[in-house]
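Taking it in order: structure first as C-alpha cells, then the write-up.
The values are calculated or read from the model by the stated rules, or taken from the named source; none is laboratory data. Model, not experiment: these values are computed from the prediction. Neighbour counts run over all protein chains shown; Cβ positions are idealised from the backbone, glycine included. Surface accessibility is based on the protein's heavy atoms, side chains included, excluding ligands, DNA and RNA. Shrake-Rupley method; radii C 1.70, N 1.55, O 1.52, S 1.80 Å.
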Amino acid sequence: MNVLHIAPGTSIGALLHKPPLDPLEARVLLSHALRLSRVQLITRAEQPLGEEDARRVAALFQRRIDGEPIAYLVGEREFFGLMLHTTPEVLIPRPETELLVELALQYLPQGGRLLDLGTGSGAIAVAIAHERPDAQVTAADTSVAALRVAARNAERHAVTVHFIESDWYAAVPDVAFDVIVSNPPYIVSGDPHLSQGDLRHEPIDALTDHGDGLGALRRIVAGAPARLLPRGWLLMEHGYDQAAAVRAMLAADGFSRVQSWRDLAGIERVTGGVFDQRG
Ligand code: GLN
C-alpha cells in the first residue's frame, strides 16, 4: 500500500535525505528509479521531479519502508565485482560468501571441474567461471526459478556454466570433480532472524533446512566422496556457530586436511576437507 506521498516539483536533493529512509539507501533507490548515476543525483539536486517520477520514487521508497530488501527493489546486487540479477526467487548474494569463491579459486587446478550445489542466483558459479575461463563449472539447484536467474547471470557475464535441476547430488552427472562448493540453507528452523529484516523476503528454502541447520550440510558431506577426484576439496559455507560440527562431520566421513576459514568479520564461515581414500 502506497501511503508515502511525494509532491511533483519536489527536488531530487530533498529526497536524498528523507527519513525514515537511510540516506545511502535513498540514493540507491533514487538512482534506480530516475535512471541517474550517483554523480548525476548530486549535480541535478535542484531539479524538480515530474509527476510520473514522483509517483515512481514514492512507490519504491514505500516498499523499502515496508521492509523489502534493496537488492530485490533494484533487481541486482554486486558480488565478487560482478553485478548479478537478484529476484525474490533467490537468496541475495552476501559479501561473506566471497570467501568461499576465493578458496575455490585457490584449490581448483588449471582446467579443473567444479560443482556448485544449491547455486541460487548463480553467484558462486558465475564468479568462479568469470575468474577462471579454463574451468568446467557445473551448478545445481532444485528450484527451476532460481536456475533461470542463474542462467541470466551467466549470460550477463558471458561465462559458461552447466546448469542442472537437481536435489543436491541426485541429478548431477556421473563425473568426478576437483572441487565441490556449496552455500546451503543452514539456519536452524525457528531462528528469530528468519522473521526479521531482509530475510523475511528471501526464499525460505534457501535459508533453512527446516531442522537443526545441519541437514543440508550433512547431505552434501555424505555425497561428496563419490563425486570427488582423489585429493579433491569439498568447501561449504555455514553459520557462525557450526564450524566445529561441520569439521566433525568431515572427519567422521574420512576427510583429511579438515579446516575452517574466517570471514572478514572474524567468524569461522567456511569449512572444508580433502577426500583421498579410495576403496
Ligand atoms: N548467511 C545467511 C544469513 O545468515 C544465510 C544463508 C544460508 O543459509 N546459506 O543471513
Subset tally (residues that are of a type in the set (Gly, Ala, Ser), closer than 24 Å to residue 265 by Cα and surrounded by fewer than 17 Cβ atoms within 10 Å (Cβ to Cβ)) for the range 61-94
1
Might you let me know whether the range 182-198 holds any residue that is surrounded by 18 or more Cβ atoms within 10 Å (Cβ to Cβ), touching a Pro at 6+ places or on another chain (Cβ under 7 Å) and either of a type in the set (A, V, I, L, M, F, W, C) or at pLDDT 95 or above (or both)?
no
Selection status of residue 246, touching a His at 6+ places or on another chain (Cβ under 7 Å), away from the ligand (no atom under 12 Å from the Cβ), hydrophobic (A, V, I, L, M, F, W, C) and not in a loop (DSSP other than H, G, I, E, B):
yes
Per the filter on the range 199-212, residues over 15 Å from residue 143 (Cα atoms) and within 8 Å of the ligand (Cβ to nearest atom) are 199
Only one residue in 264, 234 is touching a residue at least 40 places away in the same chain (Cβ under 8 Å), part of a loop (DSSP other than H, G, I, E, B) and among the aliphatic types (A, V, I, L, M), so which one is that?
264
I'd like to know if the range 174-187 contains one or more residues that are acidic (Asp, Glu), touching a Lys or Arg at 6+ places or on another chain (Cβ under 7 Å) and over 21 Å from residue 211 (Cα atoms).
yes
Here are some conditions: (1) open to solvent by 20 Å² or more (accessible area, probe 1.4 Å); (2) of a type outside the set (Val, Ile, Thr); (3) within 16 Å of the ligand (Cβ to nearest atom). Residue 272 meets all but one. Which one does it not meet?
(1)
For a quick check of your reading: which strands (runs of 3 or more DSSP E) sit entirely within the range 53-160 and have at least 2 residues that are away from the ligand (no atom under 16 Å from the Cβ) and in contact (Cβ under 8 Å) with a residue 12 or more places away in the chain?
82-85, 113-117, 136-141
Residue satisfying condition, being farther than 23 Å from residue 126 by Cβ and open to solvent by 20 Å² or more (accessible area, probe 1.4 Å), within set 230, 203, 173:
230
Matching option when the condition is closer than 26 Å to residue 28 by Cα, hydroxyl-bearing (Ser, Thr, Tyr) and over 10 Å from the mean Cα position of the chain (by Cα), among 87, 142, 138:
87
Confirm whether residue 216 is within 12 Å of the ligand (Cβ to nearest atom), outside any strand (DSSP E or B) and within 22 Å of residue 167 (Cβ to Cβ).
yes
Quick count over the range 113-136, residues being charged (D, E, K, R) and buried (at least 24 other Cβ atoms within 10 Å of the Cβ), is 1
Going by the structure shown, is residue 222 under 18 Å from residue 141 (Cβ atoms) and either out of contact with any Leu (no Cβ under 8 Å at 6 or more places or on another chain) or within 13 Å of the ligand (Cβ to nearest atom) (or both)?
no
Would you mention how many residues in the range 178-198 are near the ligand (Cβ under 9 Å from one of its atoms) and more than 29 Å from residue 73 (Cβ to Cβ)?
0
May I ask you to say which residue of 21, 16 is open to solvent by less than 70 Å² (accessible area, probe 1.4 Å), modelled with pLDDT under 95 and over 26 Å from the mean Cα position of the chain (by Cα)?
16
Count of residues meeting criterion [open to solvent by 40 Å² or more (accessible area, probe 1.4 Å) and modelled with pLDDT of 95 or more] in the range 26-38:
4
